[in-house]
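Read the structure below first, then the notes.
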Amino acid sequence: MSASVFEQAMARAHEGMEIAAVAAAYPERVAIYSAQGEQSFGELNHRANQIVRLLREQGIAEGDSVALLCGNRLEFAAVRFAVHRMGARITPVNWHLSADEIAYIVDNCEAKALFADIRVAAAAQQAAAGNERLALKLAIGGDIPGFKPYEQALEGADGSDIADPSLGTMMLYTSGTTGRPKGVLRQQSDPQAAAGMLQLMLAVFQYDPDGGRDLALCTGPLYHSGPFNICLTQPLSAGIGTVLMDKWEPEETLRLIQHYRISHAFFVPTMFKRL
């Protein structure tokens with residue numbers, strides 16, 4: 001009996017290549033539905049590999065930090081899974097913060113690359129100003145002075161699977177209610193434990209990746225740990241697609257659940273109350 005897609009993903013979790021395993025099994029399956037369109041697992045995996053090679057060309061390597069200042073877009077997932085497979089550290093930055101706080105986080109996390117959404121162009125420029133550590137600055141969704149366009153930077157890059165993947169880490173920041181936001185580093189001390197976490201996730205959420213019917217709904221901003229993990233990283237790593245909401249509204253949530261026949265979603269108490 002051939003291994004299930006989940007078993008294949010689990011076998012590659014220690015090196016951050018779960019998406020590559022899913023893409024190999026179901027390249028045409030839609031990984032992400034978003035306001036920018038749809039992206040298959042094959043396309044997501046291809047883009048993640050391109051980003052890794054671009055980062056490496058700029059001297060960004062295993063152990064280095066990448067800051068992601070981006071809304072719930074296709075590009076967020078691609079950058080997330082690129083860093084995940086190259087042994088680097090990702091920091092999703094809360095783009096609702098003030099420009100000063102955003103600049104502080106980009107500097108404090110020691111980012112060598114900054115991916116910035118056009119919706120917060122002014123804050124991105126402030127974060128980059130005078131930051132000599134940044135080797136790469138890319139603008140997502142439009143032009144930002146001093147930044148290279150994301151699509152242009154990746155045009156023609158090799159999208160085949162990298163030969164030397166390594167499990168990355170992440171550092172999310174607190175809201176800063178008691179002063180400056182504080183980075184919380186989450187790192188697997190044993191990369192092999194990543195497969196165990198994936199197995200636990202399947203037991204908790206009861207995904208059916210080989211059935212092809214399950215679909216998650218991302219109800220909150222991806223810079224938050226809940227949506228980042230439960231609505232993006234975990235379902236996609238298990239071969240389950242996700243629908244990205246740019247802004248949460250109760251009526252739109254119900255419409256999307258009905259339209260896409262959502263099987264998994266993440267809500268906080270306030271959302272349940274509004275529903």
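The values are calculated or read from the model by the stated rules, or taken from the named source; none is laboratory data. Note that this is a predicted model, so its numbers are computed, not measured. Note that we place each Cβ from the backbone using ideal geometry, even for glycine, and neighbour counts take in every protein chain shown. When the accessible area is computed, the model is the full protein with side chains, heavy atoms only, and any ligands, DNA or RNA have been set aside. Shrake-Rupley method; radii C 1.70, N 1.55, O 1.52, S 1.80 Å.
Table for the structure above
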{"quantity": "Test: residue in segment 193-209 that is modelled with pLDDT of 85 or more and among the small types (Gly, Ala, Ser)", "calculated": "no"}
{"quantity": "Breaking point among (1) within 16 Å of residue 136 (Cβ to Cβ); (2) surrounded by 24 or more Cβ atoms within 10 Å (Cβ to Cβ), for residue 53", "calculated": "(2)"}
{"quantity": "Test: residue in segment 80-87 that is over 24 Å from residue 194 (Cα atoms), assigned to a loop (DSSP other than H, G, I, E, B) and in contact (Cβ under 8 Å) with a residue 60 or more places away in the chain", "calculated": "no"}
{"quantity": "Options 47, 12; residue that is of a type in the set (Lys, Arg) and over 16 Å from the mean Cα position of the chain (by Cα)", "calculated": "12"}
{"quantity": "So residue 244, is it touching a residue at least 40 places away in the same chain (Cβ under 8 Å), open to solvent by 70 Å² or more (accessible area, probe 1.4 Å) and under 30 Å from residue 117 (Cα atoms)", "calculated": "no"}
{"quantity": "Long-range neighbours under 7 Å by Cβ, at least six apart or interchain, first residue in contact (Cβ under 8 Å) with a residue 60 or more places away in the chain within segment 219-239, second part of a helix (DSSP H, G or I) and acidic (Asp, Glu)", "calculated": "237/18"}
{"quantity": "Residue identified as among the β-branched types (Val, Ile, Thr) and modelled with pLDDT under 95 among 262, 257, 230", "calculated": "230"}
{"quantity": "Pair list, Cβ under 9 Å, 6 or more apart: segment 22-37 residue free of Cβ contacts under 8 Å to residues at least 24 places away in the same chain, other residue buried (at least 20 other Cβ atoms within 10 Å of the Cβ) and not in a helix (DSSP H, G or I)", "calculated": "23/31"}
{"quantity": "Members of segment 161-200 found to be touching a Gly at 6+ places or on another chain (Cβ under 7 Å), of a type outside the set (Gly, Ala, Ser) and in a strand (DSSP E or B), listed by number", "calculated": "171, 173"}
{"quantity": "Candidate set from segment 1-25 (those that are open to solvent by less than 40 Å² (accessible area, probe 1.4 Å) and not in a helix (DSSP H, G or I)); member that is modelled with the lowest pLDDT", "calculated": "4"}
{"quantity": "Candidates 28, 38, 43 - the one that is open to solvent by 20 Å² or more (accessible area, probe 1.4 Å) and either within 27 Å of residue 192 (Cβ to Cβ) or assigned to a loop (DSSP other than H, G, I, E, B) (or both)", "calculated": "28"}
